[in-house]
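The values are calculated or read from the model by the stated rules, or taken from the named source; none is laboratory data. The structure displayed is predicted, hence computed values, not measured ones. Here the Cβ positions follow ideal geometry from the backbone for every residue, glycine too, while neighbour counts run over all protein chains shown. In case anyone asks, the SASA skips ligands and DNA or RNA and just uses the protein heavy atoms, side chains included. Shrake-Rupley method; radii C 1.70, N 1.55, O 1.52, S 1.80 Å.
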Amino acid sequence: MRLVSTNGVAPPVSFREALVRGIAPDGGLYRPTAIPRLDPAVLERWRGLGFPDIASRLARLWLHGEWPDETIDRLVRAALDFSVPTVTIDPSLAMLELFHGPTLAFKDFGARFLARFLGDELAARGEHVTILVATSGDTGSAVARGFAGVEGISVVVLYPAGRVSPFQESQMATMGGNITAVRVPGTFDDCQRLVKAAFLEPALAGLRLSSANSISIGRLLPQSFYYVHAWLCVTDGEKTPVVFSVPSGNLGNLTAGVMAAQTGVPVSHFIAATNVNDVLPEYLETGAYRPRPALATISNAMDVGDPSNFARLNAVYGGSREAMRGAISGMTVSDAETRAEIRETYAASGYVLDPHGAVAVHAARRWRAGHPDDGARLVALGTAHPAKFADTITAELGLEPPLPMHERDWASKPLLAVDLPDATSGTLTDLLLSRPSASAPPPPRLR
Ligand SMILES: *Cc1c(COP(=O)(O)O)cnc(C)c1O
């Protein structure tokens, strides 16, 4: 796979090189220049296969020639080893449950895939990198878990103080070892700004900074796989139109869906479902692209006011808003509508939505109301387990969604977070340079 920068200056690189770099040297995001085509007859033959089988085949299609097929197959199966069910919640609406990985959110797909492939690449090169990642909650936990103990990689996770749930904080700040969690006095956008500045900071060049945000193509690619899997699960022939409703923040998930559609999977439309942080819906509606500070909502993993993957999406549509509108509808869902959706879906079907999934379901129902005769199968992406947002669920439904067994002892683990005194890049530079692993070679680790 050849990748070019959205800023158009940096030279093209291989996928393996883009994995190690994270962000392009001109500050842009890597995007594929040529998309492999998925033959419809081949797609039909995959019907009935399990998710790891489909993911492995897609990875070999995209990454052909970068690694031997057996290596790709082995790494994919190690990374994506959990179930990805579609659950029917009403006759025309299915939930694609993406929260059965170790941190109970869809970011496990990208983080675990990136950890395996980047770990393999660094081992081959005999190199060490520091992954710097900004998170509004779920990325940090998925990356902390996905990379814990991976040889050749230190991870520094920046998260906004007081704006992630205690459970999310526990998932990223209790790992220790090669994982450092940094609490930033500010918002997710501050964290993201600090990460971008650190990449351009000459004093940090020696750390070999790399990225694991959805700006990394290594996170985006595996997210495109579950769209193909879902399409196969909810259709019975090539002609069935499918509309995906994607709960969106930084637009990585949506961009991955668009990548899947580019391979030839017949997705008929995407819904970009946001909370009130609706930079993309506003752009689609008015043509004005206005990044702005994020507002806090109950779907906090989507509290993004300056979505970095917009640059990739925009490149796919050649900068044309009309072209983007032909493929994507934007929908803004308020907290009140999200809460009502949690109650109404539970009353109608007994299904417990988390706030992010509820945004997607609400947007899907609104879309259906505007297209009553369309006949499409609607698939809403369930991006987090409802137990991660127990406060909201308990307030709306009067019940506490149980955590899976393996997570029940979270509150007893000590927090190892480091506080950043202020949200300026100089302070972060000092902190990064003062970490023991910045100067000493890292201790031996598990593979
Ligand atoms: C990150 C996240 C989102 C938003 O996904 P993007 O790829 O940033 O648009 C939605 N839901 C949950 C639970 C998330 O963690």
| Subset of the range 120-138 (residues that are surrounded by fewer than 24 Cβ atoms within 10 Å (Cβ to Cβ) and under 18 Å from Leu75 (Cβ atoms)) | Asp120, Glu121, Leu122, Ala123, Ala124, Arg125, Glu127, Val129
| task | Kindly indicate whether Ala301 is within 14 Å of the ligand (Cβ to nearest atom), assigned to a helix (DSSP H, G or I) and not β-branched (Val, Ile, Thr). | result | yes
| Give me the pairs: first residue in the range 82-100 and farther than 20 Å from Ser56 by Cα, second residue open to solvent by 40 Å² or more (accessible area, probe 1.4 Å) and hydroxyl-bearing (Ser, Thr, Tyr), beta-carbon distance under 6 Å, and six or more apart or on different chains, which are they? | Ile89/Ser349; Ala94/Thr86; Ala94/Thr88
| message | Restricting to the range 259-298, give me the number of residues that are open to solvent by 10 Å² or more (accessible area, probe 1.4 Å), in contact (Cβ under 8 Å) with a residue 60 or more places away in the chain, β-branched (Val, Ile, Thr) and not in a loop (DSSP other than H, G, I, E, B). | response | 0
| Which ones in the range 131-143 are part of a helix (DSSP H, G or I) and touching a residue at least 40 places away in the same chain (Cβ under 8 Å)? | Asp138, Thr139, Gly140, Ala142, Val143
| (1) open to solvent by 20 Å² or more (accessible area, probe 1.4 Å); (2) out of contact with any Lys or Arg (no Cβ under 9 Å at 6 or more places or on another chain): which one isn't true of Ala18, the others all being true? | (1)
| field | Residue in the range 339-356 that is of a type in the set (S, T, N, Q), at pLDDT 95 or above and within 13 Å of the ligand (Cβ to nearest atom) present | value | no
| field | Qualifying positions in the range 269-310 - under 20 Å from the mean Cα position of the chain (by Cα) and of a type in the set (D, E, K, R) | value | Asp278, Asp303, Asp306
| task | Scan (1) in a strand (DSSP E or B); (2) buried (at least 24 other Cβ atoms within 10 Å of the Cβ); (3) in contact (Cβ under 8 Å) with a residue 40 or more places away in the chain for the single condition Val157 breaks and write down its number. | result | (3)
| task | Please verify whether the range 224-246 includes one or more residues that are within 12 Å of the ligand (Cβ to nearest atom), open to solvent by less than 10 Å² (accessible area, probe 1.4 Å) and in a strand (DSSP E or B). | result | yes
| Going through the range 24-73 one residue at a time, which ones are among the charged types (D, E, K, R), over 23 Å from Ser210 (Cα atoms) and free of Cβ contacts under 8 Å to residues at least 60 places away in the same chain? | Arg45, Asp53, Arg57, Arg60, Asp69, Glu70, Asp73
| task | Just name the residue that is nearest to the ligand (Cβ to nearest atom) out of those in the range 78-111 that are open to solvent by 30 Å² or more (accessible area, probe 1.4 Å) and more than 19 Å from the chain's Cα centre (by Cα). | result | Val87
